[in-house]
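The values are calculated or read from the model by the stated rules, or taken from the named source; none is laboratory data. Note that the structure is a prediction, hence the values are computed from the model and not measured. Because the Cβ atoms are built from the backbone with ideal geometry, glycine has one as well, and the counts that use them run over all protein chains shown. Remember, those area values only see protein heavy atoms, side chains included, never the ligands or the DNA or RNA. Shrake-Rupley method; radii C 1.70, N 1.55, O 1.52, S 1.80 Å.
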Amino acid sequence: MVASGLACGIEELGEPEPRAPATPPPGSPVALHGRLHVEGLQLTDEHGEAVRLRGVSDQGIQWFPFGTCITDASLDFLAAPEGMAIDVLRVPVYVEEGGYLDDPRGMAAAALEMIDHAIARGLYVIVDWHVTSFDPNDRLDEAKEFFRYFGATYAGHPNVLYEIANEPSGVGWSRIAAYADALIPSLRMHDPLAPIIVGTPDDSGELADVADAPLTGANAANVLYTFHFYAASMELGQIVPYLDRIPIFVTEWGAASYDGDSPDDYEKSALFVAALDGPAQRVSFVGWSFTDDRESSAMLLPGTCATEEDAGGPWTMESLSVSGQFMRAQLVSP
């Protein structure tokens, strides 16, 4: 399927303004772990130690830009050990659905704002090209431009990871692999060191074909593969057999169903999180989503996020939904 929307060329984003890497605050995740890279199956830190990042995702910056659910005050709560204790924030830049294709410059600016505030707190950040329900090859040129811009902006920052196709749908692994093979060298020209997370078939829920034919050569270096888990709709067998075969990063998960809503399965969710801390690899994960949306997967109670009329909050445990309380327990556990 060819997605609708504006085509984007270099003129849409212009020349990036590279950010100079800043010293992360003492005790922050980046201060502790530094530059990340993939060794074998495992995401590791600059000391060669296994790393299991844990964090949360925004739900889309066209709906929840910086200053709504992700704010200075909420980032303080998210980063604090007595708050949500996150290591990583995921910033989803939707390609469609009122996102990048409709307003490349506006969405890039919104992403930069959220990323910069997270970096200032020494958090890791996943810059997510949020593909939904189309073949990512259909927007390869736009993806190259997007990652040219962000790769050049944040080159040299140990904070940034790149997720190059959130949820490819209706397309097999061979096509996704072809997209990755075309995009990764382009991104590496601008940021050669950042870990890259590659989407997988069936809305990033099918790993069998990936494990049978992972990327090869230079494009396989410093790469992980996306998996998304929604406990009410999925089974542990969709990930467990592959934990000793390919490096995985769970960039979305929740106790809810595929559509982000109830019924929620917290028992299966707990088993899922336990499986991610296994002998083959300690798998990083990002919970969906840190918003006050009506979906049961939203971690905040309705009315928590800021509006033009209201500053939002309070950014405390009292504002967490049932989903948010459960997610916090997974984030702060040893």
Does the range 155-175 contain at least one residue that is in contact with a Pro (Cβ under 8 Å, 6 or more places away or on another chain), among the acidic types (D, E) and open to solvent by 30 Å² or more (accessible area, probe 1.4 Å)?
no
Extreme residue, farthest from D128 (Cα to Cα), among residues of the range 248-294 that are among the hydroxyl-bearing types (S, T, Y) and in contact (Cβ under 8 Å) with a residue 40 or more places away in the chain:
Y266
Inside the range 131-154, can you point out the residues that are open to solvent by less than 10 Å² (accessible area, probe 1.4 Å), more than 26 Å from D87 (Cβ to Cβ) and part of a loop (DSSP other than H, G, I, E, B)?
F134
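Please determine, by comparing only the residues of the range 211-247 that are in a helix (DSSP H, G or I) and within 17 Å of A280 (Cα to Cα), which one is least open to solvent (accessible area, probe 1.4 Å).
Selected residue: A211.
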A careful count of residues in the range 76-100 that are touching a strand residue (DSSP E or B) at 6+ places or on another chain (Cβ under 8 Å) and on the phi < 0 side of the Ramachandran plot gives 15
Restricted to the range 51-63, and to residues that are open to solvent by less than 30 Å² (accessible area, probe 1.4 Å) and more than 22 Å from L32 (Cα to Cα), which residue is farthest from the chain's Cα centre (by Cα)?
I61
Taking A275 as the residue in question, decide whether it is open to solvent by less than 50 Å² (accessible area, probe 1.4 Å), in contact with a Pro (Cβ under 7 Å, 6 or more places away or on another chain), more than 25 Å from V127 (Cα to Cα) and not charged (D, E, K, R).
no
Would you check if Y258 is hydroxyl-bearing (S, T, Y), open to solvent by 10 Å² or more (accessible area, probe 1.4 Å), at pLDDT below 95 and within 22 Å of the chain's Cα centre (by Cα)?
yes
Filtered residues of the range 305-328 (kept if of a type in the set (A, V, I, L, M, F, W, C), open to solvent by less than 50 Å² (accessible area, probe 1.4 Å) and in a helix (DSSP H, G or I))
F326, M327
So if I check each of D202, D191, D181, D135, which one is touching a residue at least 24 places away in the same chain (Cβ under 8 Å), closer than 22 Å to V51 by Cα and of a type in the set (D, E, K, R)?
D191
List the residue pairs whose Cβ atoms are under 6 Å apart, where the first residue sits in the range 218-232 and is in contact (Cβ under 8 Å) with a residue 12 or more places away in the chain and farther than 30 Å from E295 by Cα, the second is open to solvent by 10 Å² or more (accessible area, probe 1.4 Å) and in a strand (DSSP E or B), and the two are 6 or more positions apart or on different chains.
N222/H37; N222/V38
